[in-house]
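**Student:** Provided herewith is a single structure, encoded as structure tokens, for subsequent inquiry.
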Amino acid sequence: MADTTDTKSSNQMWGGRFASGPDAIMEEINASIGFDKKLFAQDIRGSIAHATMLAHQGIISAEDKDKIVHGLNTILSEIESGNFEFSRRLEDIHMNIEARLATLIGPAAGRLHTARSRNDQVALDFRLWVKEELEKTEKMLTGLIAAFLDRAEEHAESVMPGFTHLQTAQPVTFGHHCMAYVEMFGRDRSRVRHAIEHLDESPIGAAALAGTGYPIDRHMTAKALGFREPTRNSIDTVSDRDFAIEFLSIAAISGMHLSRLAEEIVIWSTPQFGFVRLSDAFSTGSSIMPQKKNPDAAELVRAKTGRINGSLVALLTIMKGLPLAYSKDMQEDKEQVFDAAESLELAIAAMTGMVRDMTVNTARMKAAAGSGFSTATDLADWLVREAGLPFRDAHHVTGRAVALAESKGCDLAELPLADLQAIHSAITDKVYDVLTVEASVASRKSFGGTAPSEVRKQIAFWRARN
């Protein structure tokens, strides 16, 4: 096992300016290795690219570069195999790796930090990590969209009530409802792609804040690390955490979408609604009530949104008062992003599983679709279309018909023709053709509407881009 706990090494890292090491309180508040060790792969990858560039530019020898690269790969293997001991006295992932490298290869390790600072080093590590996380999020959102497309295709004609104010409004299809979430998560994925484009610049070479006098090639390291180009202002480079804030913003918006879906699943799975049923894989029972089947997975997805929102507000607050360029406050950025990323990954995975897992009770949905006089708008539209009434007059006539049906305890389609004609003489028996929920959804053929034919068009559109 690697020994990286030498306190003398820690003091040496600070340089000759400090005669003694930080006391226990300073060590506790200053150390970040407890969380930034998550960046080990990015740190080593960045250091290999930097050392290779330094050698290419003649700033260090090829021999030293080879020693550095070999040593860094050895450290990578040690960490991945669990045989690396991280030390809090060495503060962060950068110093832990550098100290171990010095043990492995000797004085050549000291040449690695030529023409860079921990400021641009951490900016690079963190940016690489966020970029990789965004790419992972993009794939997961694509999987969630695919799950919804499958359910939408399966239920393009399954009628359910559409709601406003959580009150029955108009009949829609379950496939159309699923496609609403496809649109939501499609926007999330688009934001992810834009965020990747925004952060696709390499920070390494900005050094502490002013750049460097060494003849480095920042375009070479940018290319080696998979970035489009290097950043263009060294002060902004080490000051910038927009990429982290943008990730958290995306996570918060996507989390909100996931939470809205989770809320619907919670409501739909109640006995009072009975629209869907989750299997035991995504439900739990009660410790006291044997009949209970709780949608805990959906509830926990709903709760994760609070953590993600908190992380976004925390980082915005951390950054809001910082002068240029780097300040130690920025060390507090990573835990927020790491926690939000973990929460978002888990929430997307759980929701994808629930969408594919849930059993849809189409009979219960159809029965509910006709409740609450959901075809009232169809009656008003018929009066406009067939009887030539202005819509406001048709709205008034329909309101009277709803009141009559409510007083009789029946639905609109169950009112006798004589009763309807007593309200307005222009009503004929043809009106009954539009008062069924099936006729209602079939008529909504406007672009993006709930008609099964339109739902299938939108499914085809999204399958082509997914």
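**Student:** Give, in nm to one decimal, the length gained when the segment between residue 313 and residue 273 is fully stretched (0.36 nm per residue of separation minus the Cα-Cα distance).
**Tutor:** That pair, residue 313 and residue 273, stretches by 10.8 nm at full extension.
**Student:** Additional query: How much of the accessible area of the stretch 46-204, in percent, comes from carbon and sulfur atoms when a 1.4 Å probe is used?
**Tutor:** About 47 percent, which is the carbon plus sulfur part of the accessible surface.
**Student:** Identify all lysines with a Cα-Cα distance to residue 430 below 21 Å; exclude those on the same chain that are fewer than 8 residues away in sequence.
**Tutor:** The qualifying lysines are 445.
**Student:** Find the percent of Cα-Cα distances in the stretch 320-458 that exceed 19 Å, and round it to a whole number.
**Tutor:** 67 percent
**Student:** Please work out the average accessible area per residue across the chain, using the 1.4 Å probe convention, and give it in Å².
**Tutor:** 47 Å²
**Student:** Now for a different question. Along the Cα-to-C-beta direction of residue 419, a point sits 7 Å from the Cα; which residues of the stretch 379-394 have their amide N less than 17 Å from that point?
**Tutor:** Those under the cut-off are 379-380.
**Student:** Related question: Beyond a 18 Å Cα-Cα separation, which of these cross-linked pairs lie in this structure: 38/136; 38/304; 38/65? Can you show the working numbers first?
**Tutor:** Details: 38/136 16 Å; 38/304 21 Å; 38/65 25 Å.
Over 18 Å Cα-Cα: 38/304; 38/65.
**Student:** Where nothing but the Cβ of Lys and Arg (+1) and of Asp and Glu (-1) is charged, how large is the charge dipole of the stretch 172-327 around its Cα centre, in debye to the nearest 20?
**Tutor:** The calculation lands at about 280 debye.
**Student:** A follow-up question, please. For the chain, build the charge dipole from Cβ charges (+1 Lys, Arg; -1 Asp, Glu) around the Cα centre, then report which of 86, 146, 437 sits farthest towards its positive end.
**Tutor:** The listed residue farthest towards the positive side: 437.
**Student:** For residue 366, go through the aspartates and glutamates and keep the ones whose alpha-carbon is under 12 Å away, minus same-chain ones fewer than eight residues off.
**Tutor:** Filter leaves 157, 438.
**Student:** While we're looking at this one, here's another question. For residue 25 paired with residue 371, estimate the spin-label separation in nm (one decimal), with each label point 7 Å from Cα along the Cα-to-Cβ line.
**Tutor:** Simple spin-label model gives 6.3 nm for this pair.
**Student:** Return the carbon/sulfur percentage of the accessible area of the stretch 351-433, one whole number, probe 1.4 Å, all protein chains in place.
**Tutor:** 51 percent
**Student:** Let me ask something else about it. Mean shadow of the chain, computed from the convex hull of its alpha carbons, in nm²?
**Tutor:** With the hull built on Cα positions only, its mean projection is 30.0 nm².
The values are calculated or read from the model by the stated rules, or taken from the named source; none is laboratory data. For clarity, every value in this text was computed on a predicted model and none was experimentally measured. Don't worry about glycine lacking a Cβ; one is built from the backbone with ideal geometry, like all the others, and counts go over all protein chains shown. Quick note on the areas: whole protein, heavy atoms, side chains included, nothing else; ligands and nucleic acids left out. Shrake-Rupley method; radii C 1.70, N 1.55, O 1.52, S 1.80 Å.
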